[in-house]
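The values are calculated or read from the model by the stated rules, or taken from the named source; none is laboratory data. Owing to the predicted nature of the structure, the values given are computational and were not obtained by experimental measurement. We place every Cβ from the backbone using ideal geometry, glycine too, and count neighbours over all the protein chains shown. With ligands, DNA and RNA removed, areas are computed over all heavy atoms of the protein, side chains included. Shrake-Rupley method; radii C 1.70, N 1.55, O 1.52, S 1.80 Å.
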Amino acid sequence: MFWRRTIYSCTILALLASSSHTLAAEPTLKEIMQALRDDLVQVLDGLLLDDPARIAIAAQRIADHPEVSVNDRQRVTAELQEEMAQFAGFDHQVHSLAVSIEAAARAEDLALVRAETRQLIDGCLACHSMYKNRIADVLSEARPEN
Ligand code: HEC
């Protein structure tokens with residue numbers, strides 16, 4: 001959940017400001033999405049190959065995806081304003097499902113993984129249908145930092 005964690009991660013980032021955890025290491029939204037895609041493919045592979053361990057690892061990575069860079073976060077917030085709540089809601093939905101899928105995979109309940117993975121994909125695509133192109137346009141404008 002890259003938006004809901006913002007408040008306390010800001011505190012943590014402030015505490016870590018002098019350590020190796022720098023803001024520059026934070027990925028762009030697009031890079032996070034590309035990693036989510038790779039992890040989703042791994043979940044599907046795990047279902048196709050009856051490999052719950054593979055599913056659990058990939059679902060955990062979806063649930064714990066890194067924070068979006070400060071630069072991208074500011075741009076998205078400025079563009080969406082009061083729509084941020086809905087955007088964050090989609091992110092939360094995907095996060096919760098990924099947590100459930102990981103638990104189902106660890107319990108080797110592949111029928112549940114299958115049902116929840118359908119919902120996960122619906123969650124990805126629900127956000128995309130409303131926001132993907134619009135945000136991609138905003139973020140592809142000249143970037144001051146990268
Ligand atoms: C909260 C909204 C939201 C959710 C949920 C979401 N995405 Fe995205 N996704 C976006 C936005 C916005 C972009 C456009 C980013 C850009 O181009 O800078 C995007 C772009 C992408 C891209 C294209 C990246 C590229 O190289 O152009 C992929 C792939 C992707 N998302 C995969 C996923 C997967 C898989 C999930 C679910 C596990 C997911 N997304 C969930 C908002 C979301």
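Once you have the Cα-Cα distance between ALA115 and GLN81, take 0.36 nm times their residue separation minus that, and quote the gain in nm to one decimal.
Contour length minus Cα-Cα distance gives 8.9 nm.
Heavy-atom accessible area of HIS128 with all protein chains present, probe 1.4 Å, nearest 10 Å²?
70
Summing Lys, Arg as +1 and Asp, Glu as -1, what charge do residues with Cβ under 14 Å from the Cβ of ALA111 carry, ALA111 excluded?
Net of charged neighbours comes to -2.
How big is region 23-140 in terms of Cα radius of gyration and Dmax, in angstroms?
Spelled out, the Cα radius of gyration and Dmax of region 23-140 are 14.8, 43 Å.
Quick check: pseudo-label points 7 Å beyond the Cα along Cα→Cβ at ILE57 and ASN133, how many nm apart are they?
With each label point 7 Å from Cα toward Cβ, the separation is 3.7 nm.
Projecting each Cα onto the charge dipole of region 61-146 (Lys/Arg +1, Asp/Glu -1 at the beta carbon, about the Cα centre), which of VAL94, LEU80, ALA111 comes out farthest on the positive side?
Checking the options against the dipole of region 61-146, the answer is ALA111.
Need the full-extension length gain, ALA107 to LEU48, defined as separation in residues times 0.36 nm minus the C-alpha distance. One decimal, nm.
Full extension of this stretch gives 19.5 nm more.
Order THR117, THR77, most accessible first, counting only protein heavy atoms with a 1.4 angstrom probe.
Highest to lowest solvent-accessible surface, that is THR77, THR117.
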